[in-house]
Amino acid sequence: MKTSLISIKDVIKNYESILFDSYGVLFDGIKPIDGSIELINHLNKINYNYFILTNDSSITDEERSKSFINQGLNITSEKIISAGSLICNLMKKENLMVKKCFVYGTKSIKNDLKAKGVKLLSENEMGKAEIIIFSDVEKWPTAEKLNKLLNFFYKKHSENKFIKIILPNPDIIYPVGNDYFNFGAAAFVDILEQAIFRIFGKNKQYNALRLGKPYEMIFEIAKSRCKSNKIIMIGDQLETDILGANKAKIDSALVTTGINTTKKKITTDKIEKNLLPKFILDSIRL
């Protein structure tokens, strides 16, 4: 497959539905990216079919919509498909709704999960956890807490009990503004997984269940909502947005306003085939 340049106008003309990543495409973590407000207003005006696919699971889709609108991006919650909103889908699929869960995350995420029937434990009840959900770790990952959690897994293993890990957001890093990045939840879960594997060996029961891009569930839900075969994914990360779209057999466009910026001097001849986008999109400006 040969990668070529495309404009956002040609994307709109040639496709019936667009799946946008959020961070690095429409929003830089602090403010809307240049051209994104005008683009969303235009898509709303012509009643174009689009959805936001975000791995961020720190807030609910309703809260994210309010945050977008406050920034000038008129995106309703119905247009948002977040990794966090898929937690219950996964738990039902894996028959985990009866299990006791401890959640690292915001109060709103905890309330949302509780309202959907997830059995949540308080901080004092963590010792009873059968599942640990890493919804948001922004204020959590200190070395002391990682050590405590590792030893919690060790204790449970000695009791022949296996703790299931659910990781909605598989992003290692995410942008905060133009030239600053934070570690995502996946970075800390990766550390935890590697430590567990080192102690217990490669036991599948300790593999974290991952939900967002590039994994299948979020794309299958997006495809079902699009109700079209002419879909394109616009993202800024090869390893999540582009890989996920390619696996889901959706056309993809790499926009150079996020993590995979023009500063990296990306050349498509050096990109692995499964990470190769169909198009390069320099800007989302109309």
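The values are calculated or read from the model by the stated rules, or taken from the named source; none is laboratory data. Keep in mind that what you see is a predicted model, and the values were worked out from it rather than measured. Note: ideal-geometry Cβ built from the backbone for every residue, glycine included; neighbour counts use all protein chains shown. Surface areas here come from the heavy atoms of the whole protein model, side chains and all, with no ligands, DNA or RNA. Shrake-Rupley method; radii C 1.70, N 1.55, O 1.52, S 1.80 Å.
Descriptive notes on the structure:
- Extreme residue, most open to solvent (accessible area, probe 1.4 Å), among residues of segment 69-104 that are in a helix (DSSP H, G or I) and closer than 22 Å to Phe183 by Cα: Ser85
- Some residue of segment 127-137 being open to solvent by less than 80 Å² (accessible area, probe 1.4 Å), aliphatic (A, V, I, L, M), in contact with a Ser or Thr (Cβ under 6 Å, 6 or more places away or on another chain) and outside any strand (DSSP E or B): no
- Hey, Asp112 open to solvent by 10 Å² or more (accessible area, probe 1.4 Å), in contact with a Lys or Arg (Cβ under 7 Å, 6 or more places away or on another chain), modelled with pLDDT under 95 and not hydroxyl-bearing (Ser, Thr, Tyr) or not: no
- Set Ile234, Ile166, Ile199, Ile242: member being in contact (Cβ under 8 Å) with a residue 12 or more places away in the chain, in a helix (DSSP H, G or I) and surrounded by 15 or more Cβ atoms within 10 Å (Cβ to Cβ): Ile242
- Test for Lys116: is it within 27 Å of Glu63 (Cα to Cα) and either free of Cβ contacts under 8 Å to residues at least 24 places away in the same chain or in contact with a helix residue (DSSP H, G or I) (Cβ under 6 Å, 6 or more places away or on another chain) (or both): yes
- Restricting attention to segment 1-43, the residues being farther than 19 Å from Asp56 by Cβ and either among the aromatic types (Phe, Trp, Tyr) or open to solvent by less than 60 Å² (accessible area, probe 1.4 Å) (or both) number 13.
- Across segment 101-138, the number of residues qualifying as among the small types (Gly, Ala, Ser) and either closer than 25 Å to Ile191 by Cα or in contact with a strand residue (DSSP E or B) (Cβ under 7 Å, 6 or more places away or on another chain) (or both) comes to 5.
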